[in-house]
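Here the structure is laid out as structure tokens; the discussion comes afterwards.
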Amino acid sequence: MTNPPLLETIALTKRFGGVTAIDRVDFRVEAGELRCLIGPNGAGKSTFFRCLTGQLRPTAGRVRFGGEDITGAATHAIARRGVAIKAQIPALFNGLSVAENVRLATWKAGGRAARTRKTDEILAVTGLSPLAARLAGSLPHGQRQWLELGLVMAGNPALMLLDEPTAGMTRQEVAQTAELVRSLAKERTVIVVEHDLQFIRMVAATVTVFHQGQILVEGPADAVMADQRVKEVYLGQPPTPGAC
Amino acid sequence: MDHALVVGLHLLHAMASLALVSVGLAVIFGMLRVINFAHGEFLMVGGYAFVLSAGAGLNLWVAMLVVAPAAVGALGFLVERFVIRHLHGDIIATILATWGLSLFLIGLAATVLGYHQQGVAPPFGTVQFGSYSIGIYTFFVMIVAIVTIVSLFVWLRWSRSGLLVRGAMQDPELAAALGADTRRLRTAMFVLGSALSGLAGAVLAPLAGVLPEIGATYVVKAFITVISGGATALTGTTLAAALFGFTSQAAAFLSRPVVGEVALLIVAIVLLRLLPTGITGRYFRKAL
Amino acid sequence: MNWVRERAGLLAAVAVGGTLIVVVPVVAEIFALFELTLFLVLAILALSLAWVWGFGGILCFGQSVFFGLGGYTYAIAVINMGDSTVPLMLGILLPALLAGILGYFLFWQRISDVYLAVITLAVSLIFYYLTGASAGSEYRIGNALLGGYNGIPSVPPINVPGLPEHQVVYGDLYVLTAVMLAVIYGGLRGLLATDFGRVVVAVRENEERAQLLGYDVRTTKLTVFVIGGAIAGLSGVLFAAWGSYVSPNVFSMTFTAQIIVWVLVGGLGTLSGAVVGCVLVQAAMTWLGEAKLADTNLVLGAAFVVLVLFARRGLVPGTRSLLADLRGRVRSAP
Ligand SMILES: Nc1ncnc2c1ncn2[C@@H]1O[C@H](COP(=O)(O)OP(=O)(O)OP(=O)(O)O)[C@@H](O)[C@H]1O
Ligand SMILES: [Mg+2]
């Protein structure tokens, strides 16, 4: 017997009034995998993520995580099982300092001393140590992205969902992030929504293409990029870096 | 038989009064999303404008149907121009400022007119149903409520300016981009809502009397009605007014008036628990 | 020196608190002391809203419900029991329980601020109507007549536990109230410094993010609300004991509005601000009432509007940034 996949959705569907954002999606990711999700604007990628975290309640279908059904479970309960998300628009505690933000995400680390250590570690990894005392609300966009990435890392989740983590970052930062994501994926499962071709090549992952709420193609990056249907949904062009 | 008829009339009257009390707020809060906690005092000012001008010898109907709405409309203009506009839609600031305004108006009325009840006897006399008598003015209240709501509805639905208003309420930025002066539109709508509140205050004054603190009896009911109505302000408010007016009057009949008041609040709390987006949040989405 | 600067607020609070508790009862005249006791009782209520609203982010328009319920519970229980110890506890427990039930109702479904405000307001009006309609000899609980809008008179004062003849009145009640206020202020500050306190603030800042990090927002808010209810209940108990009287007015909209003004005047998001705001506003209102210069509603309402339009942050945060400003200027001077 093979192990069940870490994450599996069965005919997952989400409708907003008349709009079907996610349409009977069957999706699976094995433990330890690094997966990229791409697709044109409005394809339903973010909605798919929000259904996985419990932020949205699916209209139909099931979500299984670690072999257990988590459909419709409360967001915090899903988070406690080890699912963490970096949202497309960074969600931070704006009125708290950068360090306090990170510290709030470290509750799994243990006691006070352990949490402090973890906080310092995350601040160092994300390059935010010099800004530890700044209010999160006063950070520029790029650094908000880093901070949210830090929050996601601090909880040491089994599954990381990253929704466009490099938006608003410089070329060099994109490369850094790709490096970071690769190293993160060594110990856990990561799903990244990303438009940036350079990023996708660098992390060399399996790619799933969403289109109009459905999975269009799935496979190794190069094969997917070469696929005629994928080119078509991107209006005859390969996805350009930075488009979003 | 007569008893049933009279009970029915009382129920209808309760629904109509609640609709009247809430309709101005349906415009101001339901459409403009301005949380006007001085709504009750707008009714109070309308009541005084009517009672005082009628007392000064003005024709009763002119005082009720013209002076009161005009006076409160003017008040609304000042409030929008000098307070609401400067809060830039900040919900909490609006709640607090209008609450302050409410206290201020109460204090002003009390200082100028004193803390005692004033009134005008209901015109028309009564009609007899068997052994029961009922004021003809009751019918007048119902008619005013129906005429007000129907004409608002017709205006919004079929006139050009109504369409403009609906568009601007739904998407202010788009409307502004299309050339509508949304700022002036908001002021105009605020004035309209205020004038409707003034009318309601005047129409209800012969039955309820006026005193500086009378607003408190209206404001919470009005808010609960509009909020329970949900997203489509006018239809929602009318439906909620019917539901709550009926419930509270029926409960009042079965026991005592105070039980009616409490029943209204409890029905509203339960309703909002079951339908957090209000009646029209769930059904009647296409309505106005 | 640094240590002092960092804890300036706390030290100031301790200094002011110490003076209020120890010195005032000795020097103040009996009437002033009586009045001051009321201010401190109400300051406890202000603290409860500052906590629930300023830190929990819950805009509760019904804080007076818990206050009034505390007062009524105490009054009814102490009239029946004689000794005040159990009634005092009931006066805290019952409001906390009501807050629990109400909170469950409010937080287990996503309800917007406005709905929450209106529902809490509706609950306070329900209490207002019900207590108001309780006139007549048939509305009695044991020996206590509810008395409708006239309220319950002759509520016995608090006594030393187990010794009904040792009553806590005048100077003693003042000291008791001041100590309670200090304990609650310190307790809330301590609570805010714990991990739980950080979560409370995190939930206020961004509910969704807190949930995504695995924090149960509903129970957090419920806990905040129950604590707030208990504190408001205690304040209500002290209020009933202070005036030997409680009436439906504690549930009225005007009173609810007043609590909100206190917190706003002092500054939302601070605890000390609520105390300062409460004492200042009440003192001003008392003075206005005595001087009969103008209608209290008129002045209070105008102040409210002006405050929101021109000084939205409130006194304490405003003063704080002013001080920081001055300090900066002093330091940069040669
Ligand atoms: N809360 C909502 N209410 C109504 N419609 C929504 C909502 N959220 C998303 N949609 C719709 O669902 C569809 C999918 O949106 P989604 O944000 O998931 O796309 P996406 O693939 O993440 O796009 P992008 O690349 O722009 O981020 C869109 O048509 C969008 O308009
Ligand atoms: Mg997206």
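The values are calculated or read from the model by the stated rules, or taken from the named source; none is laboratory data. Just so it is clear, the model here is predicted, and its values are computed rather than measured. Positions of Cβ are generated from backbone atoms using ideal geometry, with glycine treated the same way; all protein chains shown enter the neighbour counts. Protein only, heavy atoms only, side chains kept; ligands, DNA and RNA dropped before computing areas. Shrake-Rupley method; radii C 1.70, N 1.55, O 1.52, S 1.80 Å.
For this structure, a couple of remarks:
- Only one entry in A:185, A:132 is more than 16 Å from ligand 1 (Cβ to nearest atom) and without any contact (Cβ under 8 Å) to a residue 40 or more places away in the chain, namely A:132.
- Of all the criteria given as (1) open to solvent by less than 20 Å² (accessible area, probe 1.4 Å); (2) more than 14 Å from ligand 2 (Cβ to nearest atom); (3) part of a strand (DSSP E or B), the one not satisfied by residue A:101 is (3).
- Of the residues examined, residue A:111 is not one that is at pLDDT below 90, of a type in the set (Gly, Ala, Ser) and within 16 Å of ligand 1 (Cβ to nearest atom).
- Residue count, region A:199-216 (criterion: within 23 Å of residue A:182 (Cβ to Cβ), surrounded by 15 or more Cβ atoms within 10 Å (Cβ to Cβ) and modelled with pLDDT of 80 or more): 9
- One residue alone among C:250, C:261, C:224, C:237 is in a helix (DSSP H, G or I), closer than 21 Å to residue C:51 by Cα and within 14 Å of chain B (Cβ to nearest Cβ), and that residue is C:261.
- Residue list for region A:163-182, filter: without any contact (Cβ under 8 Å) to a residue 40 or more places away in the chain and small (Gly, Ala, Ser): A:168, A:175, A:178
- Restricting attention to region A:163-175, the residues being away from every other protein chain (no Cβ under 13 Å) and either in contact with a Ser or Thr (Cβ under 9 Å, 6 or more places away or on another chain) or at pLDDT 90 or above (or both) number 6.
- A residue that is modelled with pLDDT of 90 or more and within 16 Å of ligand 1 (Cβ to nearest atom) occurs somewhere in region A:153-162.
- Given (1) under 20 Å from residue B:262 (Cβ atoms); (2) at pLDDT below 85, index of the condition residue C:114 fails: (1)
- When residue A:6 is tested against (1) more than 27 Å from residue A:233 (Cβ to Cβ); (2) free of Cβ contacts under 8 Å to residues at least 40 places away in the same chain, exactly one condition is not met: (2).
- All positions within region A:43-92 that are more than 15 Å from ligand 1 (Cβ to nearest atom), outside any strand (DSSP E or B) and away from chain C (no Cβ under 13 Å): A:66, A:67, A:70, A:71, A:72
- Pairs where the first residue, in region A:36-58, is closer than 12 Å to residue A:25 by Cβ and the second is part of a loop (DSSP other than H, G, I, E, B) and within 11 Å of ligand 2 (Cβ to nearest atom), C-beta under 6 Å, 6+ apart: A:45/A:39
- Residue in region A:31-39 that is within 14 Å of chain C (Cβ to nearest Cβ), hydrophobic (A, V, I, L, M, F, W, C) and within 13 Å of ligand 2 (Cβ to nearest atom) present: no
- Looking across region B:197-223, the residues that are within 16 Å of residue B:24 (Cα to Cα) and either within 12 Å of chain C (Cβ to nearest Cβ) or open to solvent by 20 Å² or more (accessible area, probe 1.4 Å) (or both) come down to B:199, B:215, B:216, B:217, B:218, B:219, B:220, B:221, B:222, B:223.
- Condition met for residue B:215 (more than 19 Å from residue B:102 (Cβ to Cβ), part of a helix (DSSP H, G or I), in contact with a Ser or Thr (Cβ under 8 Å, 6 or more places away or on another chain) and touching a residue at least 40 places away in the same chain (Cβ under 8 Å)): no
- Output for region A:134-156, where each listed residue is within 13 Å of chain C (Cβ to nearest Cβ) and open to solvent by 10 Å² or more (accessible area, probe 1.4 Å): A:135, A:137, A:144, A:153, A:155, A:156
- Matching option when the condition is within 11 Å of chain B (Cβ to nearest Cβ) and either outside any helix (DSSP H, G or I) or at pLDDT below 85 (or both), among C:284, C:303, C:324: C:303
Here is a yes/no grid of residues against (1) within 14 Å of chain C (Cβ to nearest Cβ); (2) basic (Lys, Arg); (3) without any contact (Cβ under 8 Å) to a residue 60 or more places away in the chain:
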position: B:64; (1), (2), (3): no, no, no
position: B:70; (1), (2), (3): no, no, no
position: B:88; (1), (2), (3): yes, no, yes
position: B:97; (1), (2), (3): yes, no, yes
position: B:103; (1), (2), (3): yes, no, yes
position: B:117; (1), (2), (3): no, no, no
position: B:121; (1), (2), (3): no, no, no
position: B:133; (1), (2), (3): no, no, yes
position: B:145; (1), (2), (3): no, no, no
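- Restricting region C:160-211 to residues that are within 14 Å of another protein chain (Cβ to nearest Cβ) and basic (Lys, Arg), the residue that is surrounded by the fewest Cβ atoms within 10 Å (Cβ to Cβ): C:198
- Residues that are surrounded by 14 or more Cβ atoms within 10 Å (Cβ to Cβ) and away from ligand 1 (no atom under 16 Å from the Cβ), drawn from region A:3-32: A:4, A:5, A:6, A:7, A:8, A:10, A:28, A:29, A:30, A:31
- Note on region C:1-116: enclosed helices (runs of 4 or more DSSP H) holding 1 or more residues that are aromatic (Phe, Trp, Tyr) are C:2-6, C:30-49, C:63-81, C:85-107.
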